[in-house]
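First the structure, in the form of structure tokens, and then the observations on it.
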Amino acid sequence: MQPALKTTSIKQKTTQVLGISLEDARISKSYLSVAFIALLLGGLLGLLQGLNRAGVLQLPPWLNYYQVLTAHGILLVVVLSAFFTIGYFYAGLSHTLGGLLPKVRKMAWIGFWMKIFGFVLVVIPILRNEASVMYTFYPPMAASPMFYFGLVFIVLGVWMLSFGAFTQVANWRRNHKGEHLPILAFFATGVFVLLVGATAFVAVEVIFMIIPWTLGWVDGINVLLARTLFWAFGHTAVNIWYLTAVSAWYVVVPKIIGGTRWNDLLTRMVVIPLVIMNITGGFHHQIIDPGISESIKYMHVFMSLAIGFPSLMTAYAMFRVFERTARAKGGKGLVGWYKKMPWGDVRFLAPFIAMVAFIPAGAGGIVQSTNQLDQVVHNTMWVVGHFHLTLGMSVVMTFFGISYWLVPYLSKRVLTPAMNRLGVIQTVIWTIGMVIMAISMHIVGLFGSPRRTSFTTYGDFAEKLGWNPYMALVGIGATLLLLAVILQVYAVFNLMFFAPKGTTEFPIAEEEAGAEKTPYWTERWGIWVVLMLLVVSMAYVLPIVDMILNAPPGSPPFKTW
Amino acid sequence: MKVSEVKNHEDVQEEKVTVSVQTSKIGTWISVGVVGAVILATYFVLFGLYMARI
Amino acid sequence: MKMHLDEKIWLFLSFGMIMGFMIFTGYQAVALGMGPPSHKETIDPRNVDQTAPFDKPGIKQIGENEYEVVMTLQVFSFTPMEIEVPAGSTVHFTLTSKDVVHGFQVANTNINAMVMPGHIQKISQKFEEPGEYLVLCNEYCGAGHQAMSTKIIVK
């Protein structure tokens, strides 16, 4: 490893010493700005929904519940997460790989405008109430064709960015033969490989099935196949956001608490299976669908649960890093060492709470995917509670924590103690809001309250089944969350444009002293991609062939809203 | 990433002893124990409801 | 590979527990026929009303304490609407959709199934306790989705 230090390019060193170049910073700042504007709008719409379901707000006909819900889902699950992920990893690639190549920068901008253009095409029909189909857009509900064209541009933008990242990584590897990709770039590679893999499915669904059908070129669509392709994308997408958060847990958080990184090989061994096995997880969204045999579903239960394995490794790794670091600082007792953690530092507090939230979130995910147990909660509010824990806490709170150092790093400003305090307050409010909301959602889901349903009493059933108090709590949670959103968005733009000038570090933890050298086989991305394709074919070829061969006559498009 | 190896040569010796041998792992076990317990509890909630509703 | 023994123990125990859950539900599914609703018959979604058995939706007694309900789901209703069965009866539902994807859920039971156009779905449930059960659509199906409900009366 000694020669490696010498071959490190001068450019790479200057980036690490002088900070990010203005051009690279502009790319990431643009992505983060879009992400946090989406958070503001999405949060506002979330409040409208929460209040509606609590029964205190009647939405006007020109902005109905399902319109709001469609926009809320797209803004937060597609725009916020994707734009943040890209902004964060492009900054990470720039920082760890010696600045972005000029052509990669160009690709990042082309991708940015393609995504924005696609997003505008998606939003127009939603505003005109021509696309209240949710972000899952299950056929045979058919939105205006413009909506689907917008999705195509978003996917093309994602591909452009992925290939930009691959170009950057390939270039680095060419110039650093025999070296391991820096860990953050390793995570980024995994994320962009998955993004291409996942969006390929939805691209096939939209381009080859839905668009010809909404334009009237074919008169029927295979509903089950479309759903299956969607979930191969949909579940992977949320796992990609999760993997992005996990990268910060392994790479950034140990540095912030003043410790060292978890074993490098084991870290890479978490990324690799998450890449190989992820896409097949989508099937567990279809456990109670007709037209898929029980044996196929059971095989997929295993494939979904297998994704839990790397997360169990992560749980161990994180606690071990915390305990190791805290005890090195003189922490004592069975759990008393937790007192040594930097609780007052928002850059630690937010991702830590995010990790804790993943304990019930992951547990819920595991159990609800366990074959027929899905019947207890499928499409109930339980599921909504589940993904507000996974996305709304584990992913998004990690993103918030990242923003308190990433934004000043990009803008060459500093996080002041006052802003840190605001961040801590923001984190606490968000946590309280989300905990109230997620717990109520889980409970009321067990009582049978359905997801994606505007306020309704079902005669006197809502009362009889005891839903109402929990729905009121959902409204209260949503209110607190909007407050936290406003503080967060304020913090981001303050750190981007107004905070005092200065240097902020990109925190990347070092390996433990005396750590063993990681074997080189972890870098064989070709093999990982081939394995991923093999697992995907194992999982999908048989059921998809079955769905095509035994397809019912196709369904015509419906506009039911 | 190996900068630390060069820089903190003394620390290496020290940490090898303290970190890998003496540091207690009890806190980690308690913490992952909580993870396991939460998974188990969640399972029993859903499984219990499923069986009760048969 | 450098993995400490105690990490291996943790992974063995925790993943083993999850596999245990899976194997147990698998046993219930295969040996006791409790698997999730997965019926594989198809139907022409444009001719549901003309295709047996959906040409005559309704409830039919097929044995002592056993009923079959043939039901169509369409925006935003169930056909037939209210169903009445005596306590202790097992009801076998045969379902399909005449338009978009719907969900068939009965609160406080394990009935929860996706009902899709072109596919026939089947699910059964024994109703022990007398009372009224809420039937609702749990898949967003359009502007009146929140109104799509009915009830099962168990006497």
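Going down the list A:LYS517/C:LYS2; A:LYS332/C:LYS8; A:LYS255/A:LYS340; B:LYS25/C:LYS2, which pairs span over 21 Å between their C-alpha atoms? Over 21 Å Cα-Cα: A:LYS332/C:LYS8. Note on chain A: with neighbouring protein chains present and a 1.4 Å probe, carbon and sulfur make up 72 percent of its accessible heavy-atom surface.
Heavy atoms of the protein chains alone define the surface here; on that basis the range A:479-561 has 51 Å² accessible area per residue at 1.4 Å probe size. Each peptide in C:57-70, A:334-347 was scored by the mean count of other Cβ atoms within 10 Å over its residues; highest first, the order is A:334-347, C:57-70.
Remark: the range C:45-154 carries a charge dipole of roughly 320 debye about the Cα centre, counting +1 on each Lys and Arg Cβ and -1 on each Asp and Glu Cβ. The alpha carbons of the range A:191-315 occupy a box of 61, 32, 18 Å along the principal axes, longest dimension given first.
Global dimensions of the range A:20-109 from alpha-carbon coordinates: Rg and Dmax equal 17.5, 54 Å.
Expressed as a fraction of 2.2 N^0.38 Å, the C-alpha radius of gyration for chain C is 1.32. Could you state the angle between the C-alpha long axis of helix A:294-306 and the longest principal axis of the C-alpha atoms of chain A, as a value from 0 to 90 degrees rounded to the nearest 10? Roughly 20 degrees, rounded to the nearest 10. For C:LYS40, the aspartates and glutamates whose Cα comes closer than 14 Å to its Cα, not counting residues fewer than 8 places off in the same chain, are A:ASP289, A:GLU294, A:ASP546.
Can you give the local net charge around A:TRP561? Use residues other than it whose beta-carbon is closer than 15 angstrom to its beta-carbon, Lys and Arg +1, Asp and Glu -1. Summing Lys/Arg as +1 and Asp/Glu as -1 gives 0. Look at the stretch A:516-522: the mean tally of other chain Cβ atoms within 10 Å of its residues' Cβ atoms is 1.
Looking only at other chains, what is the average number of their beta-carbon atoms within 10 angstrom of each beta-carbon in A:129-139?
Working: counts 1, 0, 0, 3, 3, 2, 0, 3, 0, 7, 4.
Per residue, the number of nearby Cβ atoms from other chains is 2 on average.
Once every DSSP H run of n ≥ 4 in chain C is given -39500 (n - 2.57) and the sum is divided by its residues, what mean residue ellipticity at 222 nm do you get, rounded to the nearest 500 deg cm²/dmol? Display every interim value, and only then the final one.
Numbers: 1 runs with 27 residues, N = 155.
It comes out at -6000 deg cm²/dmol, rounded to the nearest 500.
Across chain A, Cα-Cα pairs more than 33 Å apart make up 41 percent of the total. Positive end of the dipole of the protein assembly as shown (Cβ unit charges, origin at the Cα centre): among A:MET209, A:GLN426, A:HIS388, the Cα lying farthest that way belongs to A:GLN426. The per residue volume of the convex hull around the alpha-carbon atoms of the range A:117-275 is 135 Å³. When both the range A:178-251 and the range A:486-551 are represented by their alpha-carbon centers, they are found 13 Å apart.
Run the dipole for the protein assembly as shown about the Cα centre, Lys and Arg Cβ at +1, Asp and Glu Cβ at -1, nothing else charged, and hand back the magnitude in debye, nearest 20. Please list the in-between numbers first.
Numbers: 53 positive and 42 negative charges, 548 e Å.
Once rounded to the nearest 20, the dipole reads 2640 debye.
In the protein assembly as shown, if the dipole is taken from +1 on Lys/Arg beta carbons and -1 on Asp/Glu beta carbons about the Cα centre, which of A:LEU194, A:ILE402, A:ASN222 is farthest to the positive end? My answer, from the dipole projection, is A:ILE402. Taking Cβ atoms as reference points and 10 Å as the exclusive limit, the residues near A:VAL253 contribute a net charge of +3, counting Lys and Arg as +1 and Asp and Glu as -1. Classified by the C-alpha gyration tensor, the range A:380-530 has an oblate form. Its axis ratio a/c, with a ≥ b ≥ c, is 1.5 or above, and a/b does not exceed b/c.
Distance check, please: which entries in C:LYS56/C:LYS122; A:LYS297/C:LYS98; A:LYS559/C:LYS98 exceed 19 angstrom between their Cα atoms? Could the numbers behind the result be given before it?
Details: C:LYS56/C:LYS122 16 Å; A:LYS297/C:LYS98 25 Å; A:LYS559/C:LYS98 14 Å.
In this structure, A:LYS297/C:LYS98 exceed 19 Å between Cα atoms.
Going by a 1.4 Å probe on protein heavy atoms, which residues of the range A:207-228 end up with at least 50 Å² less accessible surface in the whole assembly than in their chain alone? There are none, since nothing in the range A:207-228 loses 50 Å² or more relative to the chain on its own.
When the charge dipole of the range C:45-154 is built from unit charges on Cβ atoms (+1 for Lys and Arg, -1 for Asp and Glu) and taken about the Cα centre, the candidate among C:ILE83, C:ILE111, C:GLY144 whose Cα reaches farthest toward its positive end is C:GLY144.
Count, for each residue of A:326-338, the Cβ atoms from other chains sitting within 10 Å of its Cβ, then give me the mean as a whole number.
On the way: counts 2, 7, 4, 0, 0, 2, 1, 3, 5, 5, 1, 3, 2.
Mean shielding by partner chains, rounded to a whole number: 3.
Given only helices, namely DSSP H runs of n ≥ 4 each adding -39500 (n - 2.57), what is the per-residue ellipticity at 222 nm of chain A, to the nearest 500 deg cm²/dmol? My calculation for chain A gives -22500 deg cm²/dmol from helical runs alone. Remark: accessible area buried at the C-B interface is about 1400 Å², both chains counted, probe radius 1.4 Å.
Provide the net charge surrounding A:MET381, with neighbours chosen by a C-beta distance below 11 Å and charges set as Lys +1, Arg +1, Asp -1, Glu -1.
Working: positive: A:ARG53, A:ARG451, A:ARG452; negative: none.
So the surrounding residues net to +3.
Between the alpha-carbon centres of the range A:258-285 and the range A:38-57 there is a gap of 34 Å.
The values are calculated or read from the model by the stated rules, or taken from the named source; none is laboratory data. In this text the structure is predicted, and so the values were computed from the model without any measurement. Counting neighbours? That spans all protein chains shown, and the Cβs are built from the backbone with ideal geometry, glycine included. The protein model used for the area step is the full one, side chains on, heavy atoms only, and it has no ligands, DNA or RNA in it. Shrake-Rupley method; radii C 1.70, N 1.55, O 1.52, S 1.80 Å.
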